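*Asks:* Sharing a structure, written as structure tokens. Questions coming.
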């Protein structure tokens, strides 16, 4: 702004009535000549460039406030625009301690700050309550819509930077695609309107994360923290991305820091438990969840998480008990239906699982996880055509998520429909860059023996997830098929000492038996594999075949019999069993 312009506006500040008069003239003479869209744009621009030095609420500008109070309100308005935990807290404190907080604008600003803090930064909110808004404010309606997961409808005359910002928060409460698209437009608009605002940058990062664009999300989360380090949800977002991209230690370090910073926050303890769950540190997740239950014995969120932990540990009985607890608490969130169906599925009660998921889908019709879980159970129940219709439908796989695509790939592999497997693999590669998705893509090529494409997929996984044994395992399997045994052995020698999970270590030892030179080394590797996991079918079959080579048919039969008991429907094992029985007879 030029010096003359600044002088001109300082003159207006001394006589606030001039601003109102000018605005009224604009309403009468200018606004009718432009479209509604341009009107909104002009109002937004006026907010951004600071021409509206006297805070204007939707209740009108107050003329009785002193210049000192005007400065306080202007500071609060700037703080609201930044919308970080520290600036929102500063706004609440400043208004609570000054006469400006008693003005209509002050009351509205205090309400907006508290609501944003409560909805976006609940950990930093502490035990503070949200004050009553002034009569006639549009913001209670906006926040009510936001909390119900609906995109707020705002009249053209009410559009401002703060209303755009408040509306964007709806993505925290909705996974509806239409709401997400509208919110994303709002978020991008808010970023353009105020480059110093933390909240829209954080929300944009969250949108990128949801859609698997991890590098973009990481950039936004980092930018939000550069703008204001108090934006702790950006820290937790970075931790989640580190987990998704295999940087588990860095994720744990972030959560350890945050739980130290907020030691009495159950919300932060819940997030720490969820982080441990995501990296499959179930004992750590249970320890954090127990700490939450110490403060909040009836916390339903942590009960759901504990149920998920027990589900992943295949402790279906304990998971079922927690589902009963949640049933009594009437806490029927999407995860409730998903976990209950998984417990029923584990007992091969597919009809009950389908009924549970149907109930969940009736309550949450837009929930992709429930829809795809329903398709997966249909597949298990042998209703393949129905499952494919649910997961792919008339629109193909355009709207099918990660889990649904994985189920479709498994189905295509089982039915040897390699064309479909390739199509699903290509779609899945576009959908997500996660380890689980990458392994499914690898399977699509590996099981149709297109080892060059399988190697390309496996090499990328191994590069992206160097600390994950699952990535090393698929890479080594492919190298072995291509007879690149020395390279496979180097990977195994590097990975084996680092692995602590018994099942994965068992698989690594089994693969080592395939690249070893001597019978003695192969036998030692297979024994180590079975020491780690007695139910490793590949190791049982492998050691059986090795004993046949060594001429010990009885030992070979004993190990193969164990493999047959674990996989009774495996035709190859049954054929080998029959051959060994003939030799023994």
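*Asks:* Among the numbered criteria (1) touching a residue at least 24 places away in the same chain (Cβ under 8 Å); (2) more than 25 Å from residue 228 (Cα to Cα); (3) surrounded by fewer than 20 Cβ atoms within 10 Å (Cβ to Cβ); (4) more than 18 Å from the chain's Cα centre (by Cα), which one does residue 122 miss?
*Replies:* (2)
*Asks:* I would also like to ask the following. Tell me whether the range 410-420 contains one or more residues that are without any contact (Cβ under 8 Å) to a residue 60 or more places away in the chain and closer than 28 Å to residue 180 by Cβ.
*Replies:* no
*Asks:* Before we move on, is residue 573 within 19 Å of residue 506 (Cα to Cα), under 41 Å from the mean Cα position of the chain (by Cα) and surrounded by 16 or more Cβ atoms within 10 Å (Cβ to Cβ)?
*Replies:* Against the criterion (within 19 Å of residue 506 (Cα to Cα), under 41 Å from the mean Cα position of the chain (by Cα) and surrounded by 16 or more Cβ atoms within 10 Å (Cβ to Cβ)), residue 573 does not qualify.
*Asks:* Tell me which residues, restricted to the range 143-169, are closer than 30 Å to residue 269 by Cα and not in a loop (DSSP other than H, G, I, E, B).
*Replies:* 143, 144, 145, 146, 147, 165, 166, 167, 168, 169
*Asks:* Is there a residue being part of a helix (DSSP H, G or I), at pLDDT below 90 and in contact with a helix residue (DSSP H, G or I) (Cβ under 7 Å, 6 or more places away or on another chain) anywhere in the range 353-370?
*Replies:* Yes, because at least one residue in the range 353-370 is part of a helix (DSSP H, G or I), at pLDDT below 90 and in contact with a helix residue (DSSP H, G or I) (Cβ under 7 Å, 6 or more places away or on another chain).
*Asks:* Let me ask something else about it. Is one or more of the residues making up the range 469-477 touching a residue at least 12 places away in the same chain (Cβ under 8 Å), assigned to a loop (DSSP other than H, G, I, E, B) and more than 18 Å from residue 248 (Cα to Cα)?
*Replies:* No, because not a single residue in the range 469-477 is touching a residue at least 12 places away in the same chain (Cβ under 8 Å), assigned to a loop (DSSP other than H, G, I, E, B) and more than 18 Å from residue 248 (Cα to Cα).
*Asks:* How many residues are at pLDDT 90 or above and in a loop (DSSP other than H, G, I, E, B) if we restrict to the range 383-410?
*Replies:* Counting residues in the range 383-410 that are at pLDDT 90 or above and in a loop (DSSP other than H, G, I, E, B) gives 1.
*Asks:* For residue 253, state whether it is more than 24 Å from residue 209 (Cα to Cα) and surrounded by fewer than 21 Cβ atoms within 10 Å (Cβ to Cβ).
*Replies:* no
*Asks:* Regarding residue 283, is this residue farther than 20 Å from residue 250 by Cα and in a helix (DSSP H, G or I)?
*Replies:* So residue 283 fails the test.
*Asks:* Would you confirm, using the coordinates I've provided, whether residue 162 is in contact (Cβ under 8 Å) with a residue 40 or more places away in the chain, closer than 17 Å to residue 119 by Cβ, in the same structural domain as residue 115 (by TED's automatic domain parsing) and more than 23 Å from the chain's Cα centre (by Cα)?
*Replies:* Against the criterion (in contact (Cβ under 8 Å) with a residue 40 or more places away in the chain, closer than 17 Å to residue 119 by Cβ, in the same structural domain as residue 115 (by TED's automatic domain parsing) and more than 23 Å from the chain's Cα centre (by Cα)), residue 162 qualifies.
*Asks:* To continue, here is another question. Being without any contact (Cβ under 8 Å) to a residue 24 or more places away in the chain, surrounded by fewer than 23 Cβ atoms within 10 Å (Cβ to Cβ) and within 23 Å of the chain's Cα centre (by Cα): is that true of residue 365 here?
*Replies:* yes
*Asks:* Name the single residue, out of those in the range 487-499 being part of a helix (DSSP H, G or I) and touching a residue at least 24 places away in the same chain (Cβ under 8 Å), that is nearest to residue 453 (Cα to Cα).
*Replies:* If we take residues in the range 487-499 being part of a helix (DSSP H, G or I) and touching a residue at least 24 places away in the same chain (Cβ under 8 Å), then 488 is nearest to residue 453 (Cα to Cα).
The values are calculated or read from the model by the stated rules, or taken from the named source; none is laboratory data. Since the model is a prediction, treat every value here as computed from it, not as a measurement. Neighbour counts run over all protein chains shown; Cβ positions are idealised from the backbone, glycine included.
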